[in-house]
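The values are calculated or read from the model by the stated rules, or taken from the named source; none is laboratory data. From a predicted model like this one, the values you see are computed outputs, not experimental measurements. Cβ placement follows ideal geometry from the backbone for every residue including glycine, while neighbour counts extend to all protein chains displayed.
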Amino acid sequence: MKPEYGYTMPKTLLNKGTGFLAGYTHSLNPYTGCSFGCSYCYVRKMPVSTFRGAEWGTWVDIKKEAAELFRKELRRAKSKGPVTLFMSSSTDPYQPIEYKERVTRSLLEVMTEEPPDFVLLQTRSPLVERDMDLLLQLKNQVRVSMTVETDLDEIRKRFSPAAPPIQARLKTLKALKAAGIPAQAAIAPLLPSSEAFPELLKSVVNRVCVDDYFMGDGSGGRRTRSLNMETAYKELGMEDWYHPHAYRFMVERLKKVFAENQIFISQKGFEP
């Protein structure tokens, strides 16, 4: 089912970095809503979703004239001190509609003219590869964080059927690496994966972040419990992967191929 698209005229784009994103001065969301509609997404239980009256994943609002507003807000923020941006906290900046609307690209264009001190692009979409020309201009002031929760596409289909295939994301990370654009793989949330997963990641990144429902949903796992994610793991016979200590098992696997200073846990891995 295609999501419903609408247009909004935002009054502000920059939101103060708080909670999990306290390491950033601001978060930046080019869209409201998300067509990927992942079953585990903590945003499902946040006001932006619960007050909508429509299921998460079925709607996306496109922010009109975002670049002009962002330019003004960014200049104002920079005049007060360092600016670090997390893009995005409650949507994927590379919605499929971004192919046409180019809101995210317009914001990156502003950043090349008025560079923030740092920007993290959190996505699961291969579309980020389109903007490599702009990311190269930002040099070490940018990091692409590509969500790769598992190497098993059948698991991806179970938890996030509308999201891009795992192989396409790995191919994009390979392209970013070849271009010299800083990037990491975010195993977030922790989904069941094969023993070969770390080797697969090692071929495309030199930095990995591991996060789970208990550390990363901003509520100590409460939001995820209300989404009944544990049942989904039990149905697969993989409930061991849904446990507050399961991430340690993943970290030990990663240590076999990555140096310890290349492995980050939860919040630390997403900070500037």
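Of the residues making up region 137-161, just one is free of Cβ contacts under 8 Å to residues at least 40 places away in the same chain, closer than 14 Å to GLY37 by Cα and touching a Leu at 6+ places or on another chain (Cβ under 9 Å), namely ARG156. If only residues of region 162-219 that are β-branched (Val, Ile, Thr), touching a residue at least 24 places away in the same chain (Cβ under 8 Å) and outside any loop (DSSP other than H, G, I, E, B) are counted, the one that is surrounded by the fewest Cβ atoms within 10 Å (Cβ to Cβ) is VAL208.
The set of residues from region 41-82 being over 19 Å from SER160 (Cα atoms), among the acidic types (Asp, Glu) and surrounded by fewer than 13 Cβ atoms within 10 Å (Cβ to Cβ) comprises GLU65, GLU68. No other residue among ARG156, ARG143 is among the basic types (Lys, Arg), assigned to a helix (DSSP H, G or I) and buried (at least 17 other Cβ atoms within 10 Å of the Cβ) apart from ARG156. Here MET132 clears all of (1) assigned to a loop (DSSP other than H, G, I, E, B); (2) under 30 Å from TYR40 (Cβ atoms) except the condition numbered (1). Of all residues assigned to region 103-111, none qualifies as being touching a Lys or Arg at 6+ places or on another chain (Cβ under 9 Å), of a type in the set (D, E, K, R) and closer than 30 Å to TYR233 by Cα. Out of GLN184, GLN167, report the one residue that is over 21 Å from ILE263 (Cβ atoms) and either among the charged types (D, E, K, R) or modelled with pLDDT of 95 or more (or both). Residue meeting the stated conditions: GLN167. Residues in region 1-30 that are of a type in the set (S, T, N, Q) and either touching a strand residue (DSSP E or B) at 6+ places or on another chain (Cβ under 6 Å) or surrounded by fewer than 16 Cβ atoms within 10 Å (Cβ to Cβ) (or both): THR8, THR12, ASN15, THR18, THR25, SER27.
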